[in-house]
Amino acid sequence: LIKQRILSIYEEEDLDILVIEIGGTVGDLENITYLEAIRELRLELPRHCTANVHVCLVPYNRAVGELKSKPVQHSVKALQSVGLMPDFIVCRSEVPLTEPIRNKISMSSNVPRDRVLSSPDLTSIYELPLKFEEQGLGAQLFGEQLRLKTRLVEDNAYGEWKKTVANLTARFKDTVTIAMPGKYTANKDSYVSINETLKHAAAALGVNIEIAFINTEMETPSDRARVRQEVLACDGVLLTPGFGTRGSEGMILCAQVAIEERVPFLGICFGSQLLYAAYMRMSGLEGANSTETDPDTAYPVVSMLSEQRDVTQLGGSMRLGGKDIDVTKGTLLERVYSEANQTKEHNSDTVTVRERFRHRYHIDRTYLTTEHGDPVSVSMGDRTVQMIVSAVDSETPSIVAAVEIVPETDTDFIVGVQAHPEYSSRPSAPSAPYMGFLRAVIASKH
């Protein structure tokens, strides 16, 4: 079954190369079946059709300044014991491999020396392809092992990547600080896709970025003042995705502060829903909430998608994947997509873009109008704030894809998107909503 799945993907998608990652440690019960499938597949296919790249840890003993190769030797022996021989060994380490260590690993593993590759800690992960190219991985893997026609490394793509990496690792004059309120702040990798997308956009705009994670769990009365103070100490707010009740009240508070103080704001998925709940509370709907976090709320401004109500098996059953959305012309969101040239097609009143989704709940737009059909607005002294729906699903317009506060000045930017635009961001082509958000942060700061 595993072999059939691998081959069917390769054939159905007409791929040149299919990368299969088998995680964990060689010998674990969880991956032994997959390793056996790969062993059989390599035996059945011509030798030049597969390549086994084994990734190993080479510990660095700081006390004596020495790399230790013994774990690699044992790892390769364990791999050989299940019938697999590595064609390449990628050695993860704090520092670059020394030549004696490279020779020792080559000799003990029976892998040619020029196929033992160093993967040291780097300033930016995007430097790694350049390091591999310097060690000849492209010519060895694609040219010799897989017998594919290789291109000159100095072609446009390689040159552009070098420029991108130089930009991502540069130190700029200006620095902006982004508040990231959320419930998973103890583990910074929880938001790794968002962190990297912010880096993409910051590098493209020529600023350094610092992320201030804000714990939104409010256990004592003083926590409200703490959260508010931490938000106002930053240049912009990115309200993070998440699930469940924990920390949600603190996240709603962060959205309220951003609206009141006109702090540039971007809400992602759950963050956009809580932005909507914050606005509704400010409009007078006390306790407005999502039924995910408060099933008994008097004002269920965010509720479960109708298609999800009969779902009992929760694993992998959310509204998932790429969807077309129609963005209303003249909105902040339309402007940022058009500026980034990330639109698919233009219609009379909308532009169509494609983003990836991952959600079970959605915004109920009926709360944005009164029973008389007038728009719901929030009066704050000498200001009147209004929220609008700026994008909907192309196939099902009742599903709201984005909301935003109508800007009062050119630097205003408070937007919530139901999608995860960070999933489509690339180092050389940052996500449009993130670019628009950071542009507003920079303009507001100055």
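So which pairs qualify, if the first residue must be in segment 52-65 and on the phi < 0 side of the Ramachandran plot, the second must be open to solvent by 50 Å² or more (accessible area, probe 1.4 Å) and of a type in the set (Asp, Glu), the Cβ gap must be under 6 Å, and the two must be at least 6 apart or on different chains?
Close Cβ pairs satisfying both conditions: Tyr60/Glu94.
Just to check your reading of the model, which residue among Gly381, Gly416 is small (Gly, Ala, Ser) and open to solvent by 60 Å² or more (accessible area, probe 1.4 Å)?
Being small (Gly, Ala, Ser) and open to solvent by 60 Å² or more (accessible area, probe 1.4 Å) holds for just one of Gly381, Gly416, which is Gly381.
Going by the conditions given, is Val327 touching an Asp or Glu at 6+ places or on another chain (Cβ under 7 Å) and among the hydrophobic types (A, V, I, L, M, F, W, C)?
Values: touching an Asp or Glu at 6+ places or on another chain (Cβ under 7 Å): yes; among the hydrophobic types (A, V, I, L, M, F, W, C): yes.
Here the answer is yes, as Val327 does meet what is asked.
Within the bounds of segment 335-344, is there any residue that is open to solvent by 60 Å² or more (accessible area, probe 1.4 Å), at positive phi and of a type in the set (S, T, N, Q)?
Yes, some residue in segment 335-344 is open to solvent by 60 Å² or more (accessible area, probe 1.4 Å), at positive phi and of a type in the set (S, T, N, Q).
Pull out all pairs, ordered by first then second residue, where Cβ-Cβ is under 6 Å, the residues are six or more apart or on different chains, the first lies in segment 371-393 and is touching a residue at least 60 places away in the same chain (Cβ under 8 Å) and on the phi < 0 side of the Ramachandran plot, and the second is charged (D, E, K, R) and open to solvent by less than 50 Å² (accessible area, probe 1.4 Å).
Ser390/Glu404; Val392/Asp326
If you take just the helices (runs of 4 or more DSSP H) that sit entirely in segment 191-308, which of them hold at least 2 residues that are open to solvent by less than 10 Å² (accessible area, probe 1.4 Å) and over 30 Å from Tyr126 (Cβ atoms)?
Once the helices (runs of 4 or more DSSP H) in segment 191-308 are filtered for at least 2 residues that are open to solvent by less than 10 Å² (accessible area, probe 1.4 Å) and over 30 Å from Tyr126 (Cβ atoms), what remains is 222-232, 248-261, 270-282.
Being closer than 20 Å to Arg262 by Cα and out of contact with any Pro (no Cβ under 7 Å at 6 or more places or on another chain) narrows it down to one of Thr175, Thr245, Thr220, so name that one.
Criteria check complete, one pass: Thr175.
I'd like to know if segment 163-171 contains one or more residues that are within 29 Å of Ala429 (Cα to Cα), surrounded by 21 or more Cβ atoms within 10 Å (Cβ to Cβ), more than 16 Å from the chain's Cα centre (by Cα) and at pLDDT below 95.
So far as segment 163-171 goes, yes, one or more of its residues are within 29 Å of Ala429 (Cα to Cα), surrounded by 21 or more Cβ atoms within 10 Å (Cβ to Cβ), more than 16 Å from the chain's Cα centre (by Cα) and at pLDDT below 95.
Return yes when Glu422 is in contact with a helix residue (DSSP H, G or I) (Cβ under 6 Å, 6 or more places away or on another chain), part of a helix (DSSP H, G or I) and either touching a residue at least 60 places away in the same chain (Cβ under 8 Å) or loosely packed, with under 14 Cβ neighbours inside 10 Å (or both) and no when it is not.
yes
Any chance segment 394-403 includes a residue that's over 20 Å from Gln308 (Cα atoms), aliphatic (A, V, I, L, M) and surrounded by 20 or more Cβ atoms within 10 Å (Cβ to Cβ)?
The answer is yes; a qualifying residue exists.
Mind listing whichever residues of segment 1-57 are open to solvent by 60 Å² or more (accessible area, probe 1.4 Å), over 26 Å from Glu144 (Cα atoms) and in contact with an Asp or Glu (Cβ under 9 Å, 6 or more places away or on another chain)?
Gly24
The values are calculated or read from the model by the stated rules, or taken from the named source; none is laboratory data. Source: prediction; values computed, not measured. For neighbour counting, all protein chains shown are included, and Cβ atoms are generated from backbone atoms with ideal geometry for every residue, glycine included. To get the accessible areas, we keep the full protein, side chains included, count just its heavy atoms, and leave off ligands, DNA and RNA. Shrake-Rupley method; radii C 1.70, N 1.55, O 1.52, S 1.80 Å.
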